[in-house]
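Colleague: First the structure, then my questions, so here it is.
The values are calculated or read from the model by the stated rules, or taken from the named source; none is laboratory data. Note that the coordinates shown come from a computational prediction; the quantities given were computed from them, not determined experimentally. Glycine also receives a Cβ, built like all others from the backbone with ideal geometry; neighbour counts cover every protein chain displayed. To get the accessible areas, we keep the full protein, side chains included, count just its heavy atoms, and leave off ligands, DNA and RNA. Shrake-Rupley method; radii C 1.70, N 1.55, O 1.52, S 1.80 Å.
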Amino acid sequence: MRLKRLELSGFKSFARTTRLEFSESVSGVVGPNGSGKSNVAEALRWVLGEQSLKVLRGKKGEDLIFNGSQTAPKLGKASVTLVFDNTDGIFSLDYEEVIITRKVFRDGINEYSINGSKVRLKDIVDILSMAGLGTSQHHIISQGEADRILNTTPKERRSMIEDALGLKIYQIKKGESERKLLKTEDNIKQVESLRREIQPHLRFLKSQVEKYEKTSALREELTGLYKEYISREENYLKKEFDELSKGKLGPQLELDKIEEELTSLKSVVKDKEKTEGRPQEFSIVESSLNTVRKDIASLEREIGRHEGMMEFEKKRVIEDEGKTIPKNVIKDFIHKIKSYLDRNEFSRIKEEVDLFWSGLDNHEESSRVNMSEVKSKHNDLLLRLDELHTEEKKFIDDITDMKIKIDQDMKDYRESERKIYEKEKTANNIRSIIMEFGIKEERLNARKYDIDNEKEEARRLVGEIEIDLSLGVLGDTERDQIKRNISRIRIKLEDSGSVSEDILVEYKEVARRDEFFNTELADMKNAILSLRGLMKELEEKIERGFKDGVEKINGELSELFSIMFGGGRAELEIIKPLKQKIEDEEGTLASEDGVADPPELAGGIDISVNLPKKRINTMAMLSGGERALTSIALLFAMSKVNPPPFLVLDETDAALDETNSSRYGKMLKELSSNIQLIVITHNRETMKQASILYGVTMGSDGISKILSVKLNN
Ligand code: ATP
């Protein structure tokens with residue numbers, strides 16, 4: 001048995017916990033009017049997820065909770081539990097028993113659980129659909145509802161038949177797919193709008209990134225050029241500076257040495273210049289010589305005078321002896337004159353001549369002179385003269401020696417001057433060489449200054465430059481070319497402006513979002529395609545299943561109908577929706593405006609009935625019993641084609657006469673071979689089919705009670 005047990009607690013009149021075991025294929029529920037039999041059927045309906053309070057004969061949720069009586073208090077909640085046997089896995093749950101519980105509280109809150117775990121209503125609906133217990137609950141026929149299928153619209157009828165054929169699950173799936181489709185379309189719109197929103201920013205960021213990449217490429221190129229230029233320039237400068245300091249060293253040392261030599265040479269020359277070439281002793285000796293010479297002259301004059309006197313005496317003697325002048329006097333005189341002439345001492349010559357002359361005149365007077373005295377004096381004078389001449393000679397010798405020395409000094413002086421001149425010349429040459437080095441150094445310093453500035457500029461533009469020592473020196477043309485390239489790229493860089501690196505991160509983020517939206521869109525579009533495909537598949541399945549099902553139902557129906565009415569015919573007819581008809585006829589697609597179709601346009605299922613011996617055109621022409629029989633035939637036909645796990649029939653047999661009741665009883669028997677039946681009835685024929693009877697009673701406390709009676713039939 002599929003249905004094992006029903007447990008009611010606080011549900012409507014079942015205030016106390018009441019259990020009904022459905023161990024037999026046909027269970028009957030009997031009892032007086034108002035005892036609570038229909039409440040059992042409603043409990044089944046409710047626990048399986050019924051949402052319509054009207055169907056449950058209530059206005060609000062709390063109407064389902066025992067409301068109390070004169071003797072019993074009202075309760076706070078109602079609970080119904082239904083236990084299914086799942087050994088054949090009718091429910092795709094890993095339990096042998098599937099226990100569904102529904103509770104309602106006075107505040108209207110409903111709670112569902114499956115095997116003790118709280119679930120949503122949807123979960124209940126889903127597992128029931130899988131087990132062929134759809135929402136229309138065609139397997140629970142409430143009191144007076146048996147001919148509902150006849151009274152309803154073709155569209156609703158179609159829905160009930162679809163449900164009975166087990167196609168509801170596909171309808172649910174189709175509905176779900178439709179909802180998903182709408183939601184996905186909505187999501188697509190939202191994502192497309194989000195994507196549209198970020199596009200201008202993304203475009204801006206992209207242009208910035210392109211700018212950044214362009215700038216980076218330029219900067220990289222510039223770095224390369226700077227590296228080459230600065231490295232090669234620095235290598236050149238280093239080489240030149242090295243050579244310069246090496247080259248400068250030799251001349252500088254040489255110049256230092258020469259300048260040292262010049263200093264000493266110049267100090268010597270300066271000393272010479274101070275003495276103007278003559279030492280002081282020279283003047284002293286010279287003046288001493290002059291003094292001696294003056295003394296000699298004056299002595300010689302004295303000697304001369306004495307000799308004059310002596311000559312005069314001799315002359316006088318000669319006169320006295322012949323009046324001639326002695327030869328020696330003449331000789332002395334001549335000798336003296338001659339010596340004076342040698343020395344160009346003309347005044348002395350004149351003095352001598354005067355003296356000789358006066359000697360001749362004063363001969364008599366001088367004769368009176370004491371000759372011996374004069375001679376002695378003369379001899380002294382001569383001796384003195386010799387001494388003076390010796391002195392004179394010595395001074396002359398000294399002067400001669402000094403002059404030789406002075407000459408030598410002068411020679412040395414001139415040599416020093418020549419050397420100074422030579423050294424100055426060499427020094428000047430070296431100085432000019434050093435100066436050349438200086439000029440070169442200046443030139444190199446200027447170039448270094450330039451390159452330092454370039455380096456600073458490079459650091460500002462592209463960061464620290466790494467020097468490559470392996471690069472060779474640049475030629476002038478190459479250097480000009482590279483400098484031109486550097487300034488060309490710098491101009492380009494300045495023109496392109498600066499873009500922060502942060503833009504890359506931002507772009508990446510926005511592009512990632514855009515890509516995300518894009519893949520989302522692609523996924524969603526794919527999802528739409530597969531949902532449409534699925535919907536089409538489901539539609540086809542429903543359509544095919546429905547067509548086949550209706551055909552089968554018609555087969556069963558005609559048989560059952562003829563049994564019930566002893567002939568005649570009843571048939572289900574599929575009415576195509578008007579739209580579909582137009583489409584089929586005109587081959588065009590009707591517009592999908594989303595507006596609900598009116599019944600005549602919606603299509604569905606119509607029932608045509610032909611009673612034996614009667615001309616019946618419409619259903620409305622049937623009697624109450626005929627309607628009941630027709631609907632029962634249809635209900636049973638539906639149940640035969642797709643047997644539900646159980647069927648609850650609440651006084652479906654109420655309108656049947658005795659004959660029809662026994663036919664009904666037979667059909668129940670036949671049906672019970674593969675459907676579990678729960679019949680609520682006052683009908684004895686029906687009761688006969690039940691193996692167990694539950695008697696429902698209600699005492700003065702207003703509480704329904706159950707009494708079970710097992711029958712042996
Ligand atoms: P009939 O044979 O006439 O169809 P029945 O046995 O099917 O009668 P029900 O319709 O199942 O009777 O029961 C109705 C009874 O349940 C009424 O007596 C009603 O007062 C009682 N009832 C309904 N709702 C509640 C409730 N919330 N609290 C208490 N009693 C309730």
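Colleague: Please list the non-local residues whose amide H lies under 5 Å from the amide H of ILE141, H modeled 1.01 Å from N, same-chain partners needing a gap of 5 or more.
Modeller: VAL648, LEU649, ASP650
Colleague: Quick check for me: using +1 on Lys/Arg Cβ and -1 on Asp/Glu Cβ, what's the dipole size of the chain about its Cα centre, in debye to the nearest 20? It would help to have the intermediate numbers written out before the result.
Modeller: On the way: 119 positive and 133 negative charges, 1098 e Å.
That gives the chain a dipole magnitude of about 5280 debye.
Colleague: Please list 3J(HN,Hα) in residue order for the stretch 291-302, calculated via the Karplus relation 6.51 cos²θ - 1.76 cosθ + 1.60 where θ = phi - 60°; whole Hz, with x for glycine and proline.
Modeller: For the stretch 291-302, the Karplus curve yields 4, 4, 5, 4, 4, 4, 4, 5, 5, 5, 5, 4 Hz.
Colleague: By a straight-distance test (C-alpha under 15 Å), which aspartates and glutamates pair with LYS614 as possible cross-link partners, with residues fewer than eight away in the same chain excluded?
Modeller: Counting by Cα, and skipping residues close in sequence, LYS614 has these aspartates and glutamates nearby: GLU626.
Colleague: Additional query: Equivalent ellipsoid semi-axes for the chain, as square roots of 5 times the alpha carbon gyration tensor eigenvalues: give them largest first, rounded to whole Å. Mind showing how you got there, number by number?
Modeller: Working: eigenvalues 5964, 165, 57 Å².
Over the Cα atoms of the chain, the ellipsoid semi-axes are 173, 29, 17 Å.
Colleague: So which aspartates and glutamates pass the test for LYS294, namely a Cα distance under 13 Å, with those fewer than 8 places away in the same chain ruled out?
Modeller: Within the straight-line limit of under 13 Å, LYS294 reaches these aspartates and glutamates: GLU286, GLU302, GLU345, GLU391, GLU392.
Colleague: If you don't mind, another one. With each run of n ≥ 4 DSSP H residues scored as -39500 (n - 2.57), what mean residue ellipticity at 222 nm is computed for the chain after dividing by its residue count and rounding to the nearest 500 deg cm²/dmol? Spell out each step's value before the answer.
Modeller: Details: 17 runs with 449 residues, N = 713.
So the helix-based figure for the chain works out to -22500 deg cm²/dmol.
Colleague: Right, next: Between ASP480 and ASN610, what is the label-to-label distance in nm when each label sits 7 Å out along the Cα-to-Cβ direction?
Modeller: Spacing of the two 7 Å Cα→Cβ label points: 11.6 nm.
Colleague: Apply the Karplus parameterisation 6.51 cos²θ - 1.76 cosθ + 1.60, with θ equal to phi minus 60°, to every residue of the stretch 418-424 and state each ³J(HN,Hα) to the nearest whole Hz, in sequence, with x for glycine and proline.
Modeller: 5, 4, 4, 4, 4, 4, 4
Colleague: While we're here: Which net charge results for the neighbourhood of ASP523, defined as the other residues with beta-carbon distances under 14 angstrom from its beta-carbon, given Lys and Arg at +1 and Asp and Glu at -1?
Modeller: Working: positive: LYS180, LYS183, ARG195, LYS525; negative: GLU185, GLU192, GLU515, GLU520.
Charge balance in the 14 Å sphere: 0.
Colleague: Rank-order 40-53, 409-422 by packing density, defined as the average count of other C-beta atoms within 10 Å over each peptide's residues, highest first. Could the numbers behind the result be given before it?
Modeller: Numbers: 40-53: 20.2, 409-422: 13.5.
Descending mean neighbour count gives 40-53, 409-422.
Colleague: Residues with amide H under 5 Å of ASP468's amide H, sequence separation 5 or more or different chain, H placed in the peptide plane at 1.01 Å from N; which?
Modeller: Distant-sequence amide H within range of ASP468: SER231.
Colleague: Still on this model: Using a basic spin-label model with each label point 7 Å from the Cα along Cα→Cβ, how many nm lie between GLU436 and GLU302?
Modeller: Simple spin-label model gives 7.8 nm for this pair.
Colleague: To continue, here is another question. Taking a 27 Å limit on the Cα-Cα distance, which of the listed pairs LYS552/LYS688; LYS350/LYS375; LYS122/LYS155; LYS37/LYS552; LYS423/LYS448 fall beyond it?
Modeller: Values: LYS552/LYS688 30 Å; LYS350/LYS375 24 Å; LYS122/LYS155 24 Å; LYS37/LYS552 34 Å; LYS423/LYS448 36 Å.
Pairs exceeding 27 Å: LYS552/LYS688; LYS37/LYS552; LYS423/LYS448.
Colleague: Hey, another quick one. About the Cα centre, and with charges only on the beta carbon of Lys, Arg (+1) and Asp, Glu (-1), how big is the dipole of the stretch 203-357? Nearest 20 debye, please. Write out the running numbers ahead of the final one.
Modeller: On the way: 32 positive and 35 negative charges, 107 e Å.
Using Cβ point charges on Lys, Arg, Asp and Glu, the stretch 203-357 gives about 520 debye.
Colleague: For a 32 Å ceiling on Cα separation, which of these pairs sit above it: LYS103/LYS180; LYS331/LYS393; LYS12/LYS173?
Modeller: On the way: LYS103/LYS180 30 Å; LYS331/LYS393 26 Å; LYS12/LYS173 34 Å.
Table pairs above 32 Å Cα-Cα are LYS12/LYS173.
Colleague: Moving to a separate point now. If packing is taken as the average count of other Cβ atoms within 10 Å, what order do 230-239, 24-33 fall into, highest mean first?
Modeller: Numbers: 230-239: 18.3, 24-33: 20.2.
So the order, starting with the most tightly packed, is 24-33, 230-239.
Colleague: Further, regarding this structure: Between the stretch 457-530 and the stretch 404-454, how many Å separate their Cα centres?
Modeller: 58
Colleague: Considering only protein heavy atoms, what per residue accessible area in square angstrom results for the chain with a 1.4 angstrom probe?
Modeller: Numbers: 40380 Å² over 713 residues.
Ligands and nucleic acids excluded, the figure is 57 Å² per residue.
Colleague: Ranked highest first by the average count of other Cβ atoms within 10 Å around their residues, in what order do 446-454, 348-356 fall? Present the calculation step by step, with values, prior to reporting the outcome.
Modeller: On the way: 446-454: 13.4, 348-356: 16.9.
Packing order, densest peptide first, comes out as 348-356, 446-454.
Colleague: To the nearest 0.05, what FRET efficiency results for VAL55 and ARG16 with a Förster distance of 25 Å applied to their C-beta separation?
Modeller: Values: r = 25 Å, r/R0 = 0.99.
The calculated FRET efficiency here is 0.50.
Colleague: Anything over 21 Å Cα to Cα? Flag those among LYS227/LYS492; LYS547/LYS666; LYS4/LYS59; LYS54/LYS118, in the order listed.
Modeller: Numbers: LYS227/LYS492 18 Å; LYS547/LYS666 29 Å; LYS4/LYS59 30 Å; LYS54/LYS118 26 Å.
Beyond 21 Å between Cα atoms: LYS547/LYS666; LYS4/LYS59; LYS54/LYS118.
Colleague: Using 0.36 nm per residue of separation minus the Cα-Cα distance, give me the extension gain between SER339 and ARG384 in nm, one decimal. Working shown, then result.
Modeller: Details: separation 45, 0.36 × 45 = 16.20 nm, distance 1.86 nm.
This chain segment gains 14.3 nm when fully extended.
Colleague: Please report the equivalent ellipsoid semi-axes of the stretch 278-434, computed as sqrt(5 x eigenvalue) of the Cα gyration tensor, largest first, in whole Å.
Modeller: Working: eigenvalues 661, 45, 20 Å².
They are 57, 15, 10 Å, listed from largest to smallest.
Colleague: Please turn the phi angles of the stretch 91-103 into ³J(HN,Hα) values with the Karplus equation 6.51 cos²θ - 1.76 cosθ + 1.60 (θ = phi - 60°), one per residue in order, whole Hz, x for glycine and proline.
Modeller: 9, 7, 10, 8, 10, 6, 10, 10, 10, 9, 10, 10, 10
Colleague: Once amide H atoms are placed 1.01 Å from N in the peptide plane, what residues at a sequence separation of 5 or more from ARG106, or on another chain, have their amide H within under 5 Å of its amide H?
Modeller: none
Colleague: Now for a different question. Carbon and sulfur together cover what percent of the accessible area of the chain at a 1.4 Å probe radius?
Modeller: Details: 20580 of 40380 Å².
C and S fraction of accessible area: 51 percent.
Colleague: For SER38, what charge total do you get from the other residues with a beta carbon under 11 Å from its beta carbon, if Lys and Arg give +1 and Asp and Glu give -1?
Modeller: Details: positive: LYS12, LYS37, ARG45, ARG57; negative: GLU42, GLU145, ASP650, GLU651.
Around SER38, the surrounding residues sum to 0.
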